[in-house]
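First comes the structure, then the notes that go with it.
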Amino acid sequence: MTDYELPVVAGLLLAAGGGRRLGGRPKALLEHRGRPLVEHAVRVLREGGCGPVHVVLGAAAAEVRERADLTGCVLVDNPEWEEGMGSSLRAGLASLAGTGAPAALVSLVDQPGIGAAAVCRVVAAYRSPASLVTATYDGKRGHPVLFGAERWEAVAATATGDRGARAYLKEHEASITPVECGDVAEAYDIDTAEDLFHLE
């Protein structure tokens, strides 16, 4: 790598959810623009400038592998996906250990309103393996979140239940670089049947 090239930030997509409030329809397989939602989320990471993309699968993992085109992605199985997002974050960060990636940009499969423009902004705020960057929407923290590699171990140690990295971010608020993305993205989640209208 020359001094002029930015190191390539890895993309980490959390796509293990079982869609409990969607009647047990795995979120990765919801249809968006004629294809599984997980494909759209991977494309967003790549178009936003992320290098290797690791995808954490859980609910219906075999079916996701079969139906979605995830060529070129590293697929990570999270057998503990029912414990919530924290277990997927731990599994994903563990899969990135030793890859040489200087940072991981974490995104969620059920946020199709967040596109490549927001990913690109957050990636551009990377400065070092100690970087901690979050997208904000009208000043409120959201995804994607970038964790420099030096922080992975500590993030994983606090990632429990459905809270993901919330405890870690709260504790390290002073170190966060906020990047406003409200003008280029919408941070809604696809959680219930009422949210499905967001999908195309």
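The values are calculated or read from the model by the stated rules, or taken from the named source; none is laboratory data. Just so it is clear, the structure is predicted and the values come from calculations on it, not from any experiment. Virtual Cβ from ideal backbone geometry, glycine too; neighbours counted across all protein chains shown. All accessible areas refer to the heavy atoms of the entire protein, side chains included, with ligands and DNA or RNA removed. Shrake-Rupley method; radii C 1.70, N 1.55, O 1.52, S 1.80 Å.
Can you give the accessible area per residue of the stretch 147-200, in Å², using a 1.4 Å probe? Kindly include the intermediate steps, with their values, before the conclusion.
Numbers: 3170 Å² over 54 residues.
The answer is 59 Å² per residue.
With a 1.4 Å probe and all protein chains left in place, how much of the accessible area of the stretch 71-200 comes from carbon and sulfur atoms, in whole percent? Walk me through the intermediate numbers first.
Working: 3170 of 6140 Å².
Carbon-and-sulfur percentage of accessible area, whole number: 52.
Taking the Cα centre of the chain as origin, work out the dipole magnitude from +1 charges on Lys and Arg Cβ and -1 charges on Asp and Glu Cβ, in debye rounded to 20. Please list the in-between numbers first.
Numbers: 19 positive and 27 negative charges, 26 e Å.
It works out to roughly 120 debye.
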Original post:
What is the list of residues in the stretch 107-142 whose amide nitrogen lies under 19 Å from a point 7 angstrom out from the Cα of Glu180, following Cα to Cβ?
Top reply: 114-115, 117-126, 133-142
Original post:
Relative to the longest principal Cα axis of the chain, at what angle does helix 37-47 sit, 0 to 90 degrees, rounded to 10?
Top reply: 20
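Let a ≥ b ≥ c be the square roots of the eigenvalues of the Cα gyration tensor of the stretch 143-200; is it rounded (a/c under 1.5), or, if not, prolate (a/b larger than b/c) or oblate?
Working: a/c = 2.87, a/b = 1.63, b/c = 1.77.
Here the stretch 143-200 falls in the oblate category.
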Original post:
In the chain, with Lys and Arg counted as +1 and Asp and Glu as -1 at Cβ, which of these residues, Thr158, Ala10, Ala60, has the Cα nearest the positive end of the dipole, that is, farthest along it?
Top reply: Thr158
Original post:
Highest mean first, what order results for 42-55, 103-116, 172-185 on Cβ atoms within 10 Å?
Top reply: 103-116, 42-55, 172-185
Original post:
Between the stretch 88-136 and the stretch 167-187, how many Å separate their Cα centres?
Top reply: 12
Subject >> Overall form of the stretch 80-200 per C-alpha gyration tensor (a/c, 1.5; a/b vs b/c) >> reply: oblate
Subject >> Cα→Cβ-extended label distance, 7 Å offset, between Arg21 and Arg43, nm >> reply: 2.7
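Rounded, prolate or oblate: pick one for the stretch 65-114, where a ≥ b ≥ c are the square roots of the eigenvalues of its C-alpha gyration tensor, a/c under 1.5 means rounded, and failing that, prolate if a/b is larger than b/c, else oblate. Kindly include the intermediate steps, with their values, before the conclusion.
Details: a/c = 1.26, a/b = 1.12, b/c = 1.12.
Here the stretch 65-114 falls in the rounded category.
Rule-of-thumb check for the stretch 22-106: C-alpha Rg over 2.2 N^0.38 Å? Spell out each step's value before the answer.
On the way: Rg = 12.8 Å, N = 85, 2.2 N^0.38 = 11.9 Å.
Its radius of gyration relative to the 2.2 N^0.38 Å reference: 1.08.
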**OP:** Please give, to one decimal in nm, the separation of the simple spin-label points placed at Arg35 and Thr71, each 7 Å out from Cα toward the Cβ.
**Re:** 1.0
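Rounded to the nearest 500, what is the chain's calculated 222 nm mean residue ellipticity when only DSSP H runs of at least 4 contribute -39500 (n - 2.57) each, over all residues?
So the calculated ellipticity at 222 nm is -7000 deg cm²/dmol.
Write down the accessible area per residue of the stretch 9-119 in Å², having rolled a 1.4 Å probe over the full set of protein chains. Intermediate values should be presented prior to the final figure.
Working: 4290 Å² over 111 residues.
On a per-residue basis, 39 Å².
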Original post:
What's the angle, to the nearest 10 degrees (0 to 90), between helix 85-96's Cα axis and the longest principal axis of the chain?
Top reply: 60
